[in-house]
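Enquirer: Let me begin by handing over the structure; questions about it come next.
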Amino acid sequence: MSTSLRDVRDQRGEVVAVAQLGGGMVEVSARLPHLAGVAKPGQFAQLRCGGSTTPLLRRPFSVAWTEDDVASFVLAPVGVGTRRLAALRPGEPLDALGPLGQGFTVSGATRALCVSGGLGCAPFPLLIRALRRAGTQTVTVVSGAASAARLYPAARFARGDPGVHVEQVTEDGSRGRRGLVTDAVPAHLDGASTAVYACGPTPMMVALARILQGSPAPPIAQVSLEAPMGCGYGTCLGCALPVRGADGQAWTLCCREGPVMDVETVDWDELMTLPPAHVA
């Protein structure tokens, strides 16, 4: 189902906090009352430094957290756009267009497993809060990165909630389990009683999809995808993604039908042939 644009607003807010999270990650928080009030887990906003048109196109970021009239975003300085956003300081303006896209469907499952790879951590704090409020008894987060320095801080997933458990995985073994984040997934699967949510690099998502397909009782799983979203609402057509249609392969727009999709909807083999999507 396509997203409705009736809740979308272009709002200028004041940056109230900038937190350095390590590994180059930054959490930027701004006073954006409308976005903070209506954004659902998994939705995103198109951001730019207030009053600036350099770079011309805004950059898409998941809404990571909301508190009262403040919305927070996790980003890493990769290119000119993200470097400018990461350099914002309290008191400076931030323009946010949103909320955009399809968010996660919060199920009534007893348990939830969140699989986070690198900057794929961004949508999970807001999702975890929604899951717990909806009655999910236990949320397990499997968080992976290349090294300990690049891990999203475990405490920011839980935000003080004792029902949230975080397992960390690093490729170099510098913290937690050594290996890939998907190596830890099978031990946490429990059929239909566990809902799975994932966000991370495409190879991680492909590996996860194969693990779930091979499970004796594949759980319901939703994934948040990344694509080059220039506009955020289906006009520029820059974020086309391959999906499984009724008559074979089809294409859809990540900004309009995603970024969250059912894992079975995505044509993972075709997606792996596309250039990696990086927000710069």
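The values are calculated or read from the model by the stated rules, or taken from the named source; none is laboratory data. Bear in mind that the values here come from a model prediction, so they are computed numbers and not experimental data. All Cβ positions, even for glycine, are placed from backbone atoms using ideal geometry, and neighbour counts span all protein chains on display.
Enquirer: Taking segment 27-54 only, how many residues are part of a loop (DSSP other than H, G, I, E, B) and of a type outside the set (Lys, Arg)? Outline the logic, then answer.
Expert: Step one: list which residues in segment 27-54 are part of a loop (DSSP other than H, G, I, E, B), which gives 32, 39-43, 50-54.
Right, trim to of a type outside the set (Lys, Arg) and you get 32, 39, 41-43, 50-54.
Matching residues across segment 27-54 total 10.
Enquirer: Does any residue of segment 8-26 turn out to be outside the structural domain of Tyr197 (by TED's automatic domain parsing), without any contact (Cβ under 8 Å) to a residue 40 or more places away in the chain and part of a loop (DSSP other than H, G, I, E, B)?
Expert: no
Enquirer: Then there is this: In the set Arg133, Arg111, Arg129, Arg159, which member is surrounded by fewer than 21 Cβ atoms within 10 Å (Cβ to Cβ), within 23 Å of Gly23 (Cβ to Cβ) and not polar (S, T, N, Q)? Before you say what the answer is, go through the steps one by one.
Expert: Values: Arg133 fails: within 23 Å of Gly23 (Cβ to Cβ); Arg111 fails: within 23 Å of Gly23 (Cβ to Cβ); Arg129 fails: within 23 Å of Gly23 (Cβ to Cβ).
None of the others qualify; the one that does is Arg159.
Enquirer: Further question on the same structure: Among the residues of segment 28-52 satisfying the criterion of being without any contact (Cβ under 8 Å) to a residue 60 or more places away in the chain and farther than 23 Å from Leu5 by Cα, which is surrounded by the most Cβ atoms within 10 Å (Cβ to Cβ)?
Expert: Ser29
Enquirer: For segment 53-99: of the residues being under 17 Å from Gly118 (Cβ atoms) and among the β-branched types (Val, Ile, Thr), which is surrounded by the fewest Cβ atoms within 10 Å (Cβ to Cβ)?
Expert: Val78
Enquirer: For Val78, state whether it is in contact with a strand residue (DSSP E or B) (Cβ under 9 Å, 6 or more places away or on another chain), outside any helix (DSSP H, G or I) and not assigned by TED's automatic domain parsing to the domain that holds Cys231. Please lay out each step first, then the result.
Expert: Working: in contact with a strand residue (DSSP E or B) (Cβ under 9 Å, 6 or more places away or on another chain): no; outside any helix (DSSP H, G or I): yes; not assigned by TED's automatic domain parsing to the domain that holds Cys231: yes.
Considered against the rule, which asks whether it is in contact with a strand residue (DSSP E or B) (Cβ under 9 Å, 6 or more places away or on another chain), outside any helix (DSSP H, G or I) and not assigned by TED's automatic domain parsing to the domain that holds Cys231, Val78 comes out as no.
Enquirer: To continue, here is another question. Filter segment 186-196 down to the residues that are farther than 13 Å from Val139 by Cα and either in contact with a helix residue (DSSP H, G or I) (Cβ under 7 Å, 6 or more places away or on another chain) or surrounded by 15 or more Cβ atoms within 10 Å (Cβ to Cβ) (or both) and list them by number.
Expert: Of everything in segment 186-196, just one residue is farther than 13 Å from Val139 by Cα and either in contact with a helix residue (DSSP H, G or I) (Cβ under 7 Å, 6 or more places away or on another chain) or surrounded by 15 or more Cβ atoms within 10 Å (Cβ to Cβ) (or both), namely Pro186.
Enquirer: If you don't mind, another one. Just to verify a result, which residue in segment 136-150, among those that are under 16 Å from Leu21 (Cβ atoms) and touching a Gly at 6+ places or on another chain (Cβ under 7 Å), is surrounded by the fewest Cβ atoms within 10 Å (Cβ to Cβ)?
Expert: Going through segment 136-150, the residues under 16 Å from Leu21 (Cβ atoms) turn out to be 141, 143-150.
Okay, now just the ones that are also touching a Gly at 6+ places or on another chain (Cβ under 7 Å), so 144-145, 149-150.
Details: Gly144: 30, Ala145: 27, Ala149: 14, Arg150: 21.
Once the filter is applied, the top-ranked residue is Ala149.
Enquirer: Evaluate the following for Val115: is it in the same structural domain as Ser193 (by TED's automatic domain parsing), in contact with a Phe, Trp or Tyr (Cβ under 6 Å, 6 or more places away or on another chain), modelled with pLDDT of 95 or more and among the β-branched types (Val, Ile, Thr)? Before you say what the answer is, go through the steps one by one.
Expert: Details: in the same structural domain as Ser193 (by TED's automatic domain parsing): yes; in contact with a Phe, Trp or Tyr (Cβ under 6 Å, 6 or more places away or on another chain): no; modelled with pLDDT of 95 or more: yes; among the β-branched types (Val, Ile, Thr): yes.
The answer is no for Val115.
Enquirer: Quick one: which strands (runs of 3 or more DSSP E) lie wholly within segment 144-229 and hold at least 1 residues that are in contact (Cβ under 8 Å) with a residue 12 or more places away in the chain and under 24 Å from Thr273 (Cβ atoms)? Show your work before the answer.
Expert: Working: elements: 164-170, 194-199, 221-224.
The qualifying strands (runs of 3 or more DSSP E) are 194-199, 221-224.
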